[in-house]
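Input: a single structure, listed below in structure tokens.
The numbers here are math on the coordinates, done by the rules we state, and not lab data. Values in this document were obtained by computation on a predicted structure and should not be read as measured data. Cβ placement follows ideal geometry from the backbone for every residue including glycine, while neighbour counts extend to all protein chains displayed.
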Amino acid sequence: MKKLYIFARNHMDPSWRRCFTDHFTYKGDVIHPYADIEESLIRQGIEFAERYGYKYAIEQSISVKRFLERNPDLAERFARLVREGKIELLGGVECVIDYNMVCGESIYRTHYYSIQYYERTFGVKPRYADLPDTFGLSAQLPQILRQFGYEALTQYDRVFQ
């Protein structure tokens, strides 16, 4: 019998979503930085994981770093949920990349740095590679991801094994 894994997650993409960090007013409206939106989503994910016991998956380590820098009081709570398996740190990358536009070394480095951060900070290594916004896959990508020890690849709302 095959297993089906379902993750609650949000595709956070700080590389193109309002990369500024301060609020500003435009024509009477307050424009919030993406960091505020991202923080709210992670807080909701934490509450979801604690309340319902489901996993909340985060795809890139830069989102975790920013969240913990802005919320050091939540660091132990977040780490506890990681240890309990209620927050799944996906083998996304430091920050989402388009796998069709970068060289193999860039792919390697962004996964490597993300994995090192997770191991150093939480003592865990991501089990699943995550490739949001990938429009096609390079023929060499599976071997790169396998070398990192990922068990499976998640992409959008599909899981391939």
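Computed from the C-beta positions of Glu76 and His11 and an R0 of 41 Å, the FRET efficiency is 0.95 to the nearest 0.05. When the Debye formula is applied to the Cα atoms of the chain, each taken as the same point scatterer, what base-10 log of I(q)/I(0) results at q = 0.09, 0.10, 0.11, 0.13 Å⁻¹? The Debye formula, applied to the Cα set alone, gives -0.31, -0.38, -0.46, -0.63. So for the pair Gln116, Ile37, with labels modelled 7 Å out along Cα→Cβ, what separation do we get in nm? Going from the Gln116 label point to the Ile37 one covers 3.1 nm.
When you count the other C-beta atoms within 10 angstrom of each residue and take the mean per peptide, 87-96, 28-37, 117-126, 53-62 line up highest first as 87-96, 53-62, 117-126, 28-37. Applying 1/(1 + (r/R0)^6) with R0 = 35 Å to the Cβ-Cβ distance of Phe48 and Gln147 gives a FRET efficiency near 0.60. What nm value, rounded to one decimal, do you get for the distance between Tyr108 and Glu69 when each label is placed 7 Å out toward the C-beta? In this crude label model, Tyr108 to Glu69 measures out at 2.7 nm.
Taking every C-alpha pair closer than 8 Å and separated by at least 6 residues, the mean separation divided by the residue count of segment 82-127 gives a relative contact order of 46 percent.
Mean residue ellipticity, 222 nm, helices only, the chain: the sum of -39500 (n - 2.57) across DSSP H runs of n ≥ 4, divided by residue count and rounded to 500, is -12500 deg cm²/dmol. Cross-link reach is defined here as a Cα-Cα straight distance under 21 Å, omitting same-chain residues fewer than 8 places apart; for Lys125 the lysines meeting it are Lys3, Lys55, Lys65, Lys86. Rg/Rh for segment 71-132 stands at 1.03; both radii use Cα atoms, and Rh follows the Kirkwood definition.
Between the amide H of Ala152 and those of Ala129, distances stay under 5 Å, these residues lying 5 or more places away or on another chain, with hydrogens modeled in the peptide plane.
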